[in-house]
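So the structure is just underneath, and the comments pick up after that.
The values are calculated or read from the model by the stated rules, or taken from the named source; none is laboratory data. Keep in mind that what you see is a predicted model, and the values were worked out from it rather than measured. Every residue, glycine among them, receives a Cβ derived from its backbone with ideal geometry; neighbour counts consider all protein chains shown.
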Amino acid sequence: MHGPSRSLSFVLPFWNEVEGAERTIAVVSEAATELIQTAVVSKVEILAVNDGSTDATAQVLDSLAEQNTYLRVVHHAANQGLGGALRTGFQQASSDWIFYTDSDLPVDPLVCKRAFRATELHDADIVSCYRLDRTGEGVRREVLSTVYNSAVRAVTGLNVRDVNFAAKLLRRESVTSCLPMSNSLFFDAELLARALRSGATLQQIGVDYFPRSVGTSTLSSMQSIRDTARDLARIGPSVSIRK
């Protein structure tokens, strides 16, 4: 589906993001309005998945949803991890296309314009974004990411730059029948591998990256690293795209 005939769901996972939740919803809502006004899409929903937050994130999101016609909130009673939150978001999304990113907005949501253009030029089902400049995230995370991308390539055969960057546009029908099992950061790699094994096509585009300015990320914690490494070893070989 092209142009004004297609719809878009923004999927945003939230966990203890009370400091930035209001700003995030405002920025994505502005993008939603522009995407509709410029006929990139005909309809937009913003699906916020509150992943068992222990701060006031749930209350803030519910309050915003009362005033925001784009916004729909889904709550997890307990934290299920990034993969669990995204899986819920994909299952709940009602649009033709899904764009997901982190709640701290590492990318301008209007990158959807370029991503949709890539789907049209190359008849792609998935557009995976990669960071043009990663210097803002620090040496430790850059090294971890380089090592992880290499490990994913070795185990699964995926040749994707910046496989874990949270900025991907997906044709919903190409992913909802093959959703990942992983709740860890391996979710991204498993998602792409399963979709490609099912016949989906992929393109990649470089985008500007905006490091987190509020709150604290837990994605590079030792627990997160252990969980991701476990899922890569446990699930990775079974979703390899190698013939």
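Any chance the stretch 92-110 includes a residue that's out of contact with any helix residue (DSSP H, G or I) (no Cβ under 9 Å at 6 or more places or on another chain), of a type in the set (G, A, S) and crowded, with 16+ Cβ neighbours inside 10 Å? Looking for residues that are out of contact with any helix residue (DSSP H, G or I) (no Cβ under 9 Å at 6 or more places or on another chain), of a type in the set (G, A, S) and crowded, with 16+ Cβ neighbours inside 10 Å, one finds none in the stretch 92-110, hence no. From the list L110, L170, L158, L179, the one residue that fits, being under 26 Å from E30 (Cβ atoms) and outside any helix (DSSP H, G or I), is L170.
From the list E19, E45, E30, pick out the single residue that is farther than 28 Å from L192 by Cβ and either of a type in the set (A, V, I, L, M) or in contact (Cβ under 8 Å) with a residue 24 or more places away in the chain (or both).
Sole residue among the options that is farther than 28 Å from L192 by Cβ and either of a type in the set (A, V, I, L, M) or in contact (Cβ under 8 Å) with a residue 24 or more places away in the chain (or both): E19.
Given the criteria touching a residue at least 40 places away in the same chain (Cβ under 8 Å) and among the small types (G, A, S), does S150 qualify? For S150, the condition - touching a residue at least 40 places away in the same chain (Cβ under 8 Å) and among the small types (G, A, S) - is not met. Restricting the stretch 113-128 to residues that are in a loop (DSSP other than H, G, I, E, B) and acidic (D, E), the residue that is surrounded by the most Cβ atoms within 10 Å (Cβ to Cβ) is D125.
Each residue in the stretch 32-49 was checked for being under 16 Å from A115 (Cβ atoms), surrounded by fewer than 22 Cβ atoms within 10 Å (Cβ to Cβ) and not β-branched (V, I, T), and 2 of them qualify.
Name the residues in the stretch 129-155 that are over 23 Å from S240 (Cβ atoms) and either aromatic (F, W, Y) or assigned to a helix (DSSP H, G or I) (or both), would you? Break it down stepwise before answering.
Taking the stretch 129-155 first, the residues over 23 Å from S240 (Cβ atoms) are 129, 131-143.
If the condition is that a residue be over 23 Å from S240 (Cβ atoms) and either aromatic (F, W, Y) or assigned to a helix (DSSP H, G or I) (or both), then T135, G136, E137, V139, R140, R141, E142, V143 are the ones that fit.
From the list R172, R194, which residue is closer than 23 Å to Q80 by Cβ, surrounded by 14 or more Cβ atoms within 10 Å (Cβ to Cβ), at pLDDT 95 or above and touching a Leu at 6+ places or on another chain (Cβ under 9 Å)? Spell out the reasoning first.
Numbers: R172 fails: touching a Leu at 6+ places or on another chain (Cβ under 9 Å).
Testing whether each residue is closer than 23 Å to Q80 by Cβ, surrounded by 14 or more Cβ atoms within 10 Å (Cβ to Cβ), at pLDDT 95 or above and touching a Leu at 6+ places or on another chain (Cβ under 9 Å) leaves just R194.
Could you identify the single residue in N159, N183 that is without any contact (Cβ under 8 Å) to a residue 12 or more places away in the chain and either closer than 22 Å to L8 by Cβ or not acidic (D, E) (or both)? Talk me through it step by step, then tell me what you get.
Values: N183 fails: without any contact (Cβ under 8 Å) to a residue 12 or more places away in the chain.
The conditions single out N159.
The residue list R87, R131 contains one member that is more than 11 Å from the chain's Cα centre (by Cα) and charged (D, E, K, R), which is R131. Checking each residue in the stretch 106-156 for being under 11 Å from Y209 (Cα atoms), hydroxyl-bearing (S, T, Y) and modelled with pLDDT under 95 picks out only T135. Condition first: within 11 Å of the chain's Cα centre (by Cα) and not β-branched (V, I, T). Now tell me which residues in the stretch 90-108 satisfy that. The answer is F90, F99, Y100, D102, S103, L105, P106. Among the residues of the stretch 197-243, those identified as under 24 Å from L105 (Cα atoms), assigned to a loop (DSSP other than H, G, I, E, B) and modelled with pLDDT of 90 or more are D208, Y209, F210.
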